[in-house]
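Structure record follows, encoded as structure tokens.
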Amino acid sequence: MHSYEKLLQENKDWAAGKVKEDPEFFKRLSLLQTPEFLWIGCSDSRVPANEITGTQPGEIFVHRNIANLVIHTDVNLLSVLEFAVAHLQVKHVIVCGHYGCGGIKAAMSNRDYKQVLNMWLRYIKDVYRHNREELNNIANEELRADRLTELNVIEQVQRLAKTSIIQKAWKERSGPDLHGWVYGLKDGLINPVYEMKANTKIDELYEYEDI
Ligand SMILES: [Zn+2]
């Protein structure tokens, strides 16, 4: 059996198990999608949103990319954000990074990862540059990467608040709240590092008054 065939077999077993537990499971899910959460996480295979939060299909709307970045020209992310916030009306948006992130480590190095990855990783280098003094004072490289992971998550949450998508939702329905979390690969625990409740005051440079 090829490795991918195992996935198809596992899928059959999983679907059968779900129906055995709850005969209406798929029927109900297919008719309704009302997740309360949007998850913006890292693509890393070790950080599956549902599994580490003990949630079921239908509970979390998910977007993942390398090092969980919120980039204001990323049409993919912005489409997901707009759909989740304006249409699904999620109550919480969670940016979840993780300690030991390869994207963060790559951005801290001077290695040439070639055009496309270099372009992506430069956004993390910018976060380093904005926090250079604090980070350079951390002698241990792993701890420095851990702190950059936290600062990166904080930056991404703040970027969410700068979008007209979030500002419009805050004005119209006082939600969603924004959260910055970091997951630990070594202990499986999530460390909540930052929070922006709906209608938190942001730098006025980024405020849209006629939204
Ligand atoms: Zn990662």
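The values are calculated or read from the model by the stated rules, or taken from the named source; none is laboratory data. These figures come from a predicted structure and were not determined experimentally. Glycine gets a Cβ as well: all are built from the backbone with ideal geometry, and neighbour counts include every protein chain shown. The accessibility values were calculated without ligands, DNA or RNA, using every heavy atom of the protein model including side chains. Shrake-Rupley method; radii C 1.70, N 1.55, O 1.52, S 1.80 Å.
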Determine, yes or no, whether residue 84 is crowded, with 22+ Cβ neighbours inside 10 Å and away from the ligand (no atom under 16 Å from the Cβ).
yes
Those helices (runs of 4 or more DSSP H) completely within region 127-211 that have 2 or more residues that are surrounded by 18 or more Cβ atoms within 10 Å (Cβ to Cβ) are 141-162, 164-173
Looking only at region 36-49, and only at residues there that are touching a strand residue (DSSP E or B) at 6+ places or on another chain (Cβ under 6 Å) and of a type outside the set (A, V, I, L, M, F, W, C), the one that is surrounded by the most Cβ atoms within 10 Å (Cβ to Cβ):
41
Pick from region 1-35 the residues that are within 30 Å of residue 86 (Cα to Cα) and outside any helix (DSSP H, G or I): which of them is least open to solvent (accessible area, probe 1.4 Å)?
35
Note: among 93, 75, 62, just one is of a type in the set (A, V, I, L, M) and exposed (fewer than 12 other Cβ atoms within 10 Å of the Cβ), namely 75
